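Participant: Next up is a structure, given as structure tokens.
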Amino acid sequence: MTRDTSQPPTGETTLLELLGWHPFFADQITDDEMIEMPPARVTQVHRNSLHVVGAEIDTTIVYPDEEITVGDWILLNEGRTKPERVLDRKSLIKRRGAGHDRHIQMIAANLDTSFIVSSCNRDFNVARIERYLALAFEAGVNPVIVLTKADLCDDVEPFVTAATAISDKVTVVVLNALSNAPKHELAQWCKVGQTVAFLGSSGVGKSTLVNALTGSNINTQGVREADARGRHTTTSRHLHITHDSCAILDTPGMRELQVTDAASGISDLFPDLHNLTLDCKFSDCSHTVEPGCAILAAVKAGDIDTDRLARWAKLATEEQINSDALAQRKFKDKKLSKTINSIKKKNRK
Ligand SMILES: Nc1nc2c(ncn2[C@@H]2O[C@H](COP(=O)(O)OP(=O)(O)OP(=O)(O)O)[C@@H](O)[C@H]2O)c(=O)[nH]1
Ligand SMILES: [Mg+2]
């Protein structure tokens, strides 16, 4: 925590507002429930516990049966020891978890803006930024690309040009995270009541940006000289609450960012390619050999950047494989639980 939450906030802002409380959540509970089951926001998730903060609440509680992620709003039980209810989420950023079962890993809930951070050096990678953007679009979270280490770069223009070309729906900001720039350059997304997250590879400056916005002193470490890679300094997600601006989530650099259940996010990111696929003769066109393929026709006419096309194809194929596998697993789980229930029923007779 970067704030002593037992102290009332200054001015008209309530503590719940500083935490990101919003009519969307208030509409889900009655006045009586608000008193009996006080709302609190999950600021950290551990294996067996959650850290939650609310009005006069700043405590660790047990992890319930239901899966919960950082940024969730919960209603606490009377003893304030466990969640009674998880409120519906305004947004949810998720990816395919590690392992063979292709389960979904929730990264953060109820974000308004995700700052996708990359530095103006060898870390910069359009395909990786596109992955983060697809996840943000899918979640309905506003993405902003933040290019750091401008002070260490002789010419930021090629980085800015490449980042700006990714999507006309995304703003690009270039700055020195160690200066005063983050406070004013990111101010429009960091108003009271908003929740923002910093996402990106290790070493790009996510914690440095959190420090710049909150005035705190989260641990940061230099990157490896040889390849500009970070040292995975931040090891868990932590939602920081500020006195006078937004709630800010710092995240560890993600080694692998596999997309799943993100078809509409990918379409939002590549709307031109998605629209072309609708003109293909066959609805299951693979865009490789089929006659009447609108994508192949556009390639032939020189209307498409083939590198971008290859990135889209890779992302869309990966999404489909992961989502199909997930749907199959869900189907199998459903079948299994049906079988178990019918055995239980028989045994009861
Ligand atoms: N000169 C300069 N250094 C920066 C800038 N942003 C970050 N750094 C430095 O880069 C190193 C890594 O920054 P961190 O903030 O720890 O990076 P991170 O993204 O949080 O990394 P992980 O926690 O490992 O995911 C630190 O030494 C920072 O001081 C910048 O804009 N300019
Ligand atoms: Mg960090």
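Participant: May I ask you to list the residues in the stretch 155-174 that are within 16 Å of Arg122 (Cα to Cα), surrounded by fewer than 19 Cβ atoms within 10 Å (Cβ to Cβ) and of a type in the set (Gly, Ala, Ser)?
Facilitator: Scanning the stretch 155-174 gives a single hit, Ala162.
Participant: Let me ask something additional. Out of the stretch 175-197, which residues are crowded, with 21+ Cβ neighbours inside 10 Å and more than 18 Å from the chain's Cα centre (by Cα)?
Facilitator: Residues satisfying the conditions are Leu175, Ala177, Pro182.
Participant: Could I ask something else about it? Please go through the stretch 225-248 and pick out each residue that is of a type outside the set (A, V, I, L, M), within 12 Å of ligand 1 (Cβ to nearest atom) and in contact (Cβ under 8 Å) with a residue 24 or more places away in the chain.
Facilitator: Arg229, Gly230, Arg231, His232, Thr233, Thr234, Ser236, Arg237, His238
Participant: Another one. Could you pull out the residue among Gly222, Gly200 that is surrounded by fewer than 20 Cβ atoms within 10 Å (Cβ to Cβ) and within 7 Å of ligand 1 (Cβ to nearest atom)?
Facilitator: Gly222
Participant: Checking Ala263 against (1) among the aliphatic types (A, V, I, L, M); (2) touching a residue at least 60 places away in the same chain (Cβ under 8 Å); (3) within 13 Å of ligand 2 (Cβ to nearest atom); (4) surrounded by fewer than 18 Cβ atoms within 10 Å (Cβ to Cβ), which test does it fail?
Facilitator: That leaves (3) as the condition not met.
Participant: Restricting the search to the stretch 230-251, which residues are within 13 Å of ligand 2 (Cβ to nearest atom) and surrounded by fewer than 17 Cβ atoms within 10 Å (Cβ to Cβ)?
Facilitator: Once the filter is applied, which keeps residues that are within 13 Å of ligand 2 (Cβ to nearest atom) and surrounded by fewer than 17 Cβ atoms within 10 Å (Cβ to Cβ), the stretch 230-251 yields Arg231, His232, Thr235, Ser236.
Participant: What are the residues in the stretch 18-39 that are farther than 15 Å from Val53 by Cβ, part of a helix (DSSP H, G or I) and not small (Gly, Ala, Ser), if any?
Facilitator: Answer for the stretch 18-39, where residues must be farther than 15 Å from Val53 by Cβ, part of a helix (DSSP H, G or I) and not small (Gly, Ala, Ser): Pro23, Phe24, Asp31, Asp32, Glu33, Met34, Ile35, Glu36.
Participant: Condition (residue is under 30 Å from Asn219 (Cα atoms), within 16 Å of ligand 1 (Cβ to nearest atom), free of Cβ contacts under 8 Å to residues at least 60 places away in the same chain and among the β-branched types (Val, Ile, Thr)) applied to the stretch 249-257: is it met by at least one residue?
Facilitator: no
Participant: Looking at the stretch 312-333, is at least one residue at pLDDT 90 or above and in contact with a Phe, Trp or Tyr (Cβ under 7 Å, 6 or more places away or on another chain)?
Facilitator: yes
Participant: Turning to a different aspect of this structure: Is it the case that the stretch 180-199 has a residue that's within 11 Å of ligand 2 (Cβ to nearest atom) and not aliphatic (A, V, I, L, M)?
Facilitator: yes
Participant: For the subset of the stretch 266-279 comprising residues that are crowded, with 16+ Cβ neighbours inside 10 Å and under 19 Å from Val141 (Cα atoms), which member is nearest to ligand 2 (Cβ to nearest atom)?
Facilitator: Per the stated criteria, the residue is Leu269.
Participant: Could you grab the pairs with beta carbons closer than 7 Å, sequence gap of 6+ or different chains, first residue in the stretch 315-333 and basic (Lys, Arg), second one at pLDDT below 85?
Facilitator: Arg329/Asp101; Arg329/Arg102
Participant: Looking at Asp72, Asp65, Asp151, which one is farther than 20 Å from Gly265 by Cα, within 16 Å of ligand 1 (Cβ to nearest atom) and without any contact (Cβ under 8 Å) to a residue 40 or more places away in the chain?
Facilitator: One residue alone meets the criteria, Asp151.
Participant: In the stretch 81-107, which residue that is modelled with pLDDT under 90 and assigned to a loop (DSSP other than H, G, I, E, B) is surrounded by the fewest Cβ atoms within 10 Å (Cβ to Cβ)?
Facilitator: It comes out as His100.
The values are calculated or read from the model by the stated rules, or taken from the named source; none is laboratory data. Computed from a predicted structure; not experimentally measured. Glycine also receives a Cβ, built like all others from the backbone with ideal geometry; neighbour counts cover every protein chain displayed.
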